[in-house]
Amino acid sequence: MSEPLLYGPLKIWNATRTSSAAGTYKPECRKLETGLFASRRYDGISYPIEQFWRDAREGKLANVVFVDPNYTDRAEDMGTSNDSHPWDNLLVAEGFLAKVHDALKNGPQWDRVFVLNFDEHGGFFDHLPPPIVRTTPSSPAQGPHPNLKRLGFRVPAIAMGPFAPRKIETAGP
């Protein structure tokens, strides 16, 4: 049976899950309690974060790897989360990112690209409003519609690796 056509991030999860070229590493040696993992469909490529540290050190990382911080409800409630959500300690989140970077940099697979990508803007103030859309999208459906005259908020992404230039900045989309 073929995979259902899915939108957004699930496309890459399904493609990599069936190719055995991916792995995702999660905190606390257990699966995260989110709707994405409720189906248990991705258990075969989900590993505890401790295995990421070993795999990075031993050069056993898959071609596509996702590393998640500990953003579980328990970590949020206990104040031990290491993600960048509001109310969390950004220094702890930055420390986690540095640890992931250093594990990759010091491992035998540092000939690859490491892309740090956030799934959202994190709720922090952005000094620039989203850019204006040049053509107004239309919807054939009746009823109230959201204001689609601006693009969405900016989502930061950083590419790192031995071949990446020291600093690249871009001012817009």
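The values are calculated or read from the model by the stated rules, or taken from the named source; none is laboratory data. Note that the coordinates shown come from a computational prediction; the quantities given were computed from them, not determined experimentally. As a convention, Cβ positions derive from the backbone with ideal geometry for all residues, glycine included, and neighbour counts pool all protein chains shown.
Residues in the stretch 80-99 that are within 13 Å of the chain's Cα centre (by Cα) and either part of a helix (DSSP H, G or I) or among the aliphatic types (A, V, I, L, M) (or both): L97 only.
Scanning the stretch 84-94 for residues that are surrounded by 15 or more Cβ atoms within 10 Å (Cβ to Cβ) and at pLDDT 85 or above yields a total of 2. Take the conditions (1) modelled with pLDDT under 85; (2) in a helix (DSSP H, G or I); (3) surrounded by 10 or more Cβ atoms within 10 Å (Cβ to Cβ); D77 misses just one of them, which is (3).
Scanning the stretch 38-86 for residues being free of Cβ contacts under 8 Å to residues at least 24 places away in the same chain and in contact with a strand residue (DSSP E or B) (Cβ under 7 Å, 6 or more places away or on another chain) gives a total of 2. No other residue among L97, L128, L151 is in contact with a Pro (Cβ under 9 Å, 6 or more places away or on another chain) and at pLDDT below 85 apart from L151. Among the residues of the stretch 101-117, those that are closer than 26 Å to G152 by Cβ and either at pLDDT 95 or above or surrounded by 13 or more Cβ atoms within 10 Å (Cβ to Cβ) (or both) comprise F114, L116. For the stretch 55-71, the criterion of being touching a Phe, Trp or Tyr at 6+ places or on another chain (Cβ under 7 Å), assigned to a loop (DSSP other than H, G, I, E, B), buried (at least 20 other Cβ atoms within 10 Å of the Cβ) and not basic (K, R) is met by at least one residue.
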